[in-house]
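> Handing you a structure now.
The values are calculated or read from the model by the stated rules, or taken from the named source; none is laboratory data. None of these values were measured; they are calculated from a predicted model. With ideal geometry, Cβ positions are generated from the backbone for all residues, glycine too; neighbour counts draw on all protein chains shown. All accessible areas refer to the heavy atoms of the entire protein, side chains included, with ligands and DNA or RNA removed. Shrake-Rupley method; radii C 1.70, N 1.55, O 1.52, S 1.80 Å.
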Amino acid sequence: MKIVRKILLYGFTLALLLAIGGGAAVAIALWRYGIGLPDYSQLATYEPSVTTRVHAGDGRLITEFAREKRLYVPYETIPKLVIQAFVSAEDQNFFVHRGVDPVGIIRAAIINLQHAGEDRRLVGASTITQQVAKNFFLSGEVSYQRKIKEAILAFRIERTFSKERLLELYLNEIYLGNSAYGVAAAALNYFDKPLADLTLEEAAYLAALPKAPNNYHPARHYDKAVARRNYVLSRMVEDGYISAQEAWTASQSPLKTAPPRNQEFVHADHFAEEVRRELINRFGEDALYDGGLSVRTSLDPRLQKIAYKTLRDGLIAYDRRHGWHGPITRIDIGGEWANTLAAVPQPAGLAPWRLAVVLKTRNDRAEIGFADSAQAIIPFAQLRWARKRLNDATLGPPLQRVEDVLHVGDVVAVAETDEKSSKKAAEIWSLQQIPEVGGALVAMDPHTGRVLAMQGGFAYGDSEFNRATQAHRQPGSAFKPFVYASALESGFTPSSLVLDAPMVIDQGPGLAKWKPSNYSREYYGPSTLRLGLEKSRNLMTVRLAQHIGIKRVNDYASRFGLTQAAPSLLSTALGAGETTLLKLTTAYAMFVNGGRLVTPALIDRVQDRRGKTLYRNDPRECAGCRDPWREGLPEPVLPDLREQRVDPATAYQIVSMLEGVVLRGTGRRVASVGKPLAGKTGTTNDSRDTWFIGFSPDLVAGVFIGFDVPRSMGKKETGSSVSAPVFRDFMAEALADSPATPFRIPPGIRLVRVNAETGLPANPGDRKVILEAFLPGTEPKNRVQPVLGTDLPGGMETGPETIGGEPVAGGTGGLY
């Protein structure tokens with residue numbers, strides 16, 4: 001018995017020593033690996049990276065910005081079925097363990113021992129809490145040190161956070177393949193459904209993915225994916241979440257995922273890029289790409305679609321007028337020509353056209369082939385426009401046959417037509433080319449400054465350069481309305497007379513003499529201010545600016561947001577300073593809105609991921625908007641906070657004169673729209689830049705067209721021939737369903753019937769009679785009026801020094 005007692009005593013002592021040693025070892029390990037672990041308390045405020053979505057004014061999606069495509073969903077909105085599926089698949093004892101699951105570890109060890117030597121994936125024992133610790137704080141390194149740290153963090157995290165918070169973090173953070181982060185994004189990407197609509201078998205499939213999403217791809221590894229899904233279903237039965245019958249029924253369902261969704265985005269790339277820049281400036285890159293912002297913009301998708309089409313059509317029309325600039329490239333059509341063509345890079349802006357290679361040419365047609373080996377023809381009539389482009393933007397001789405322009409091996413852009421050839425019923429395509437010229441179109445609400453449409457070029461892919469906001473160019477005669485408005489506020493009237501005659505101006509010491517001229521190179525004598533603006537007379541404009549002072553003119557223009565680099569030069573009166581299309585269009589908006597300041601705005605509202613408003617473009621508060629409605633209650637009145645920059649009467653007088661530009665002046669091409677419209681053309685020296693800015697009572701739009709590296713657009717190409725047709729086509733479609741609304745007349749305006757040529761009160765029998773807008777008491781009362789510019793012989797006026805015998809330079813004259 002003594003021997004037995006000694007053995008028991010020694011055994012107990014040894015066990016005690018082993019226990020103490022083991023405990024000490026565990027304590028040392030916990031101390032060693034617990035030092036320097038990350039601060040897990042940040043999980044309390046952690047919010048995963050979420051996609052920022054940018055919407056048009058009608059709610060349609062424009063674009064998304066994200067580093068990880070994720071939709072965040074709070075725990076309360078995650079269906080119980082989804083939670084149960086993930087718990088069964090990943091951590092059966094999640095709701096009872098304290099971060100590490102000893103039962104799970106033992107079970108995993110036994111299963112792995114039973115299948116030792118078999119080619120099977122080892123069963124893991126990491127809990128959901130451990131996965132949270134690894135995903136948020138540790139690397140993916142496979143080592144026992146990391147597992148120890150993971151376990152320590154899991155214990156600590158469980159003492160601090162609720163099970164619900166841990167599940168919310170886990171289900172929103174995990175990567176589930178198919179570019180989906182989190183269960184909400186996965187439900188959309190795999191099944192095109194919100195979480196609430198998932199079926200049992202779909203929820204089980206998502207729960208099968210965390211371990212290795214690529215190994216269970218529904219198409220590439222279908223059998224594996226189904227087997228893993230069915231395994232999750234069996235675990236849900238084992239855990240009591242579903243019945244065996246429900247599991248069997250779900251397991252018999254084929255794994256059907258939705259095809260990739262062609263989500264409809266509003267095509268507005270230049271607009272979206274401007275919004276992106278503004279969001280970064282306001283909130284920073286992290287908020288944009290990780291913050292899950294909801295951005296409501298001012299974009300009107302209908303107007304944007306019209307702007308896209310009309311600008312492209314206008315650029316193509318101009319480009320065709322100036323001939324063919326050659327094939328995109330040339331290839332050898334011997335052998336596998338279709339494969340060779342398929343390897344040719346697609347030029348930006350090609351869509352909706354296609355690339356084709358010329359296989360054979362005849363006098364009356366070219367036979368072409370596509371990358372899919374299909375063939376078609378281009379008849380001579382569909383390429384007759386493609387005359388050779390000469391260096392001075394003129395055209396070579398008319399084409400006589402197809403071989404004059406196309407050759408075998410040429411790779412060209414072609415567009416499908418509705419025609420069929422009588423020869424073998426071949427499809428007929430037309431020859432196209434991507435324009436070299438650039439341009440932009442902007443449309444705004446003149447009363448709020450909200451940008452409704454913005455197209456910054458032919459195609460965003462060829463250049464991210466936005467010609468609406470980044471191209472600083474001379475506006476030419478599009479600046480003249482600000483000279484005339486300044487004159488009206490200086491005491492002139494639309495009927496005041498200014499001499500249209502030659503003049504030479506000394507601009508000061510060190511500056512060349514300047515001899516401006518009209519576009520027509522003709523002179524028309526005394527003419528009314530209205531006529532000077534309608535016909536875009538340069539000499540009248542310069543004489544007017546010199547009389548009232550160019551500094552005063554430019555100070556006046558600055559009220560509209562137009563500043564000049566050289567404000568003392570008279571040439572700025574003809575638009576020699578530089579501006580952007582967006583700024584100039586905004587300035588014109590202030591004429592038609594009654595002279596009130598507006599700022600161009602692309603963003604209406606920004607909310608964070610939880611719906612809190614971070615930014616609102618309209619700062620006005622509506623005190624009565626939330627009051628209960630009752631019969632007879634008047635509508636709430638919102639205050640008008642816009643600053644009055646110009647007298648409303650002056651603004652209307654300019655609107656009336658610009659309406660005359662459309663009816664009788666350089667903008668006559670626009671009159672065919674058949675609605676009240678006003679606007680002004682603009683062209684610079686050598687036809688380098690062409691403009692048309694105009695408006696209806698409730699819509700303002702601007703068009704700029706010119707080469708990115710300025711060069712002549714060709715003789716006789718002006719704002720009237722290049723930009724005005726684009727404005728006309730845009731307005732015709734934009735206003736197609738709108739009534740013909742006349743321009744609003746403010747108080748303090750008196751309309752008088754006058755002779756359109758003389759500006760004097762109309763006599764009976766006068767044929768050209770218009771209603772002219774005057775301030776009360778300023779209408780002409782005498783049949784003879786003073787003429788500005790007749791105070792010097794021949795209309796000659798000088799600057800600070802006499803002209804003497806010095807040579808006269810052209811300067812920057814000739815803007816029209």
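> If packing is taken as the average number of other Cβ atoms within 10 Å across a peptide's residues, how do 379-387, 287-295 rank, most packed first?
Most protected by this proxy first, the peptides run 287-295, 379-387.
> Ok, one more. Distance check, please: which entries in 583/716; 305/360; 583/781; 309/716; 309/388; 305/388 exceed 31 angstrom between their Cα atoms?
305/360; 583/781; 305/388
> Another one. Return the whole-Å distance between the Cα centroid of segment 446-521 and the Cα centroid of segment 653-686.
If you average the Cα positions of each part, the centres end up 14 Å apart.
> Ordered by residue, what ³J(HN,Hα) values in Hz, to whole numbers, does segment 297-313 give under the Karplus form 6.51 cos²θ - 1.76 cosθ + 1.60, where θ = phi - 60° and Gly and Pro are x?
Taking θ as phi minus 60°, the curve returns 9, 8, 4, 9, x, 5, 5, 5, 5, 5, 4, 4, 6, 5, 5, 4, 4 Hz for segment 297-313.
> Could you pull out every residue, at least 5 positions away or on a different chain, whose amide H is within less than 5 Å of the one on residue 242? Hs are placed 1.01 Å off N in the peptide plane, and Pro or chain starts have none.
HN-HN under 5 Å from residue 242: 237.
> Here's another thing I want to ask about it. What list of ³J(HN,Hα) values in whole Hz, one per residue of segment 253-259 in order, does the Karplus curve 6.51 cos²θ - 1.76 cosθ + 1.60 (θ = phi - 60°) give from phi, with Gly and Pro shown as x?
Result, rounded to whole Hz: 6, x, 7, 10, 9, 6, x.
> Another question, if that's okay. Return the long-range amide H neighbours of residue 362 (sequence gap of 5 or more, or a different chain), with a cut-off of under 5 Å between placed amide H atoms.
Excluding prolines and chain starts, which carry no amide H, the hits are 367.
> Taking the radius of gyration and the Kirkwood hydrodynamic radius from Cα positions alone, what is the Rg/Rh ratio for segment 166-324, to two decimal places?
With Rg and the Kirkwood Rh in hand, the quotient comes to 1.17.
> Return, for the Cα atoms of segment 468-581, the radius of gyration and Dmax in Å, separated by a comma.
Taking only Cα atoms of segment 468-581, I get Rg and Dmax of 13.6, 40 Å.
> Considering only DSSP states other than H, G, I, E and B, which chymotrypsin sites (Phe, Trp or Tyr not before Pro) in segment 659-697 qualify as loop sites with at most 15 other Cβ atoms within 10 Å?
Qualifying residues, ordered by number: none.
> Rank 90, 757, 635, 489 by accessible area, highest first, at a 1.4 Å probe radius?
Greatest to least solvent exposure: 635, 757, 489, 90.
> So for segment 318-415, Kirkwood radius off the Cα pairs, Stokes-Einstein at 10 °C and 1.306 mPa s: how many µm² s⁻¹?
D = 114 µm²/s.
> If you plug each phi of segment 396-409 into the Karplus form 6.51 cos²θ - 1.76 cosθ + 1.60 with θ = phi - 60°, what whole-Hz ³J(HN,Hα) values come out, in order, with x for Gly and Pro?
Karplus values, whole Hz, x for Gly and Pro: x, x, x, 6, 10, 7, 4, 4, 5, 10, 10, 9, 4, x.
> Give me the net charge for the shell around residue 353: Cβ to Cβ below 12 angstrom, other residues only, Lys and Arg +1, Asp and Glu -1.
Overall, the nearby charge balance is +1.
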